[in-house]
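Enquirer: Below: one structure in structure tokens.
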Amino acid sequence: MVTLHLAVALDGAGWHPAAWRAPDARPAELFSAGYWVDLVTEAERGLLDFVTLEDALGQQSAAFHRPDERTDQVRGGLDAVLVAARVAPLTRHIGLVPTTNVTHTEPFHVAIGIATLDHAARGRAGWRPQIASRAADARHFGRRTTPQLTDEDVRDPESIAARLRPLFAEAVDVVEVARRLWDSWEDDAEIRDTATGRFVDRAKLHAVDFEGPHFSVRGPSITPRPPQGQPLVASLAHASTPYEFAAHASDLVFVTPHGPADARRVLAELDVAV
């Protein structure tokens, strides 16, 4: 028996560049909490398993690798984790899977954000880690540079993946750190005994002591263990290097095959990458 899981990816007014101009669109409400609450609660009424929420560290662009100057498409967005946290207490069953950048943000900060969301959602949080591939996004932070992709690069997904391989390798470490931080509090570490004055059992909080080429993280987390223990980690993959990242770091992989034969090819690549 095959179990079918259904989800919806939420991004602005919709995936089509002109979706915000549709008669039933609500462009004036895109940056309001109510807009997103309405979308997710409708998805929950439709019995979907989860929603994903897109995010980025730069404004949207019609070009994959650089900003544009267009004014006829939606530009701007809200923080996906904060939107999910707003929606969480107003929903009961649906999973909430925000996207967060892992190239220009600290693993510790990302980990406690997703753990906090899982507490707010009572065990329904997921996470889609995403690299920031655009050189322009790095300039928002000024701490590092990322390779400037060319028009020729973007015509070949494998070329892009090869140039961005170091960012995907770093992303694997980010996920590993997050998982260790989520486990750094044991399930019964919180005592909350007012009579004895003991709120926590310090012996059940553990340093993660991660040392890698990009960062080191001591731990433990400041956020108690998420209700799920380990929130679901999802990734979107289109080429070989992202497939490797997905195989090593993700619980759930979104792929975009062009037919049954292509789906078999993609799944075979994922199997090899494991």
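The values are calculated or read from the model by the stated rules, or taken from the named source; none is laboratory data. The structure presented is a predicted model; accordingly, all values stated were derived computationally and were not measured. As a convention, Cβ positions derive from the backbone with ideal geometry for all residues, glycine included, and neighbour counts pool all protein chains shown.
Enquirer: Any residue that is within 12 Å of Gly77 (Cα to Cα), over 17 Å from the mean Cα position of the chain (by Cα) and crowded, with 17+ Cβ neighbours inside 10 Å - is there at least one of those in the range 8-21?
Expert: Yes, the range 8-21 contains at least one residue that is within 12 Å of Gly77 (Cα to Cα), over 17 Å from the mean Cα position of the chain (by Cα) and crowded, with 17+ Cβ neighbours inside 10 Å.
Enquirer: Sticking with this structure for a sec: Go through the range 61-154 and tell me which helices (runs of 4 or more DSSP H), entirely inside it, have 3 or more residues that are closer than 27 Å to Glu211 by Cβ, modelled with pLDDT under 95 and more than 14 Å from the chain's Cα centre (by Cα).
Expert: Answer list for the range 61-154: none.
Enquirer: If you check Ala25 against the conditions, is it more than 20 Å from Leu252 (Cα to Cα), aliphatic (A, V, I, L, M) and surrounded by 12 or more Cβ atoms within 10 Å (Cβ to Cβ)? Talk me through it step by step, then tell me what you get.
Expert: Numbers: more than 20 Å from Leu252 (Cα to Cα): yes; aliphatic (A, V, I, L, M): yes; surrounded by 12 or more Cβ atoms within 10 Å (Cβ to Cβ): yes.
Yes.
Enquirer: Taking the range 226-264, which residues are surrounded by fewer than 13 Cβ atoms within 10 Å (Cβ to Cβ) and within 15 Å of Glu158 (Cβ to Cβ)?
Expert: Thr256, Asp262
Enquirer: Follow-up. Restricting to the range 96-110, give me the number of residues that are over 15 Å from Leu57 (Cα atoms) and surrounded by fewer than 23 Cβ atoms within 10 Å (Cβ to Cβ).
Expert: Adding up the residues that qualify gives 2.
Enquirer: Output the qualifying pairs, or none if there are none: Cβ atoms under 8 angstrom, residues six or more apart or on different chains, first residue in the range 69-97 and over 22 Å from Gln230 (Cβ atoms), second residue of a type in the set (Ser, Thr, Tyr) and part of a helix (DSSP H, G or I).
Expert: Hits for this filter: Leu90/Thr41.
Enquirer: Next question, about the same structure. Go through the residues of the range 19-36 one by one and say whether even a single one is under 20 Å from Gln130 (Cβ atoms) and modelled with pLDDT of 95 or more.
Expert: yes
Enquirer: Just one of (1) part of a loop (DSSP other than H, G, I, E, B); (2) farther than 30 Å from Asp187 by Cβ trips up Asp38, so point out which.
Expert: (1)
Enquirer: If I ask for residues that are touching a residue at least 12 places away in the same chain (Cβ under 8 Å) and either exposed (fewer than 12 other Cβ atoms within 10 Å of the Cβ) or of a type outside the set (A, V, I, L, M) (or both), which ones from the range 28-45 would you list?
Expert: Correct list: Phe31, Trp36, Thr41, Glu44.
Enquirer: Now, a different point. Identify, from the list Asp201, Asp209, Asp187, the residue that is under 23 Å from Ala171 (Cβ atoms) and free of Cβ contacts under 8 Å to residues at least 60 places away in the same chain.
Expert: Only one candidate passes the filter, namely Asp209.
Enquirer: Follow-up. Determine if the range 200-208 includes at least one residue that is modelled with pLDDT of 95 or more, surrounded by 15 or more Cβ atoms within 10 Å (Cβ to Cβ) and among the β-branched types (Val, Ile, Thr).
Expert: yes
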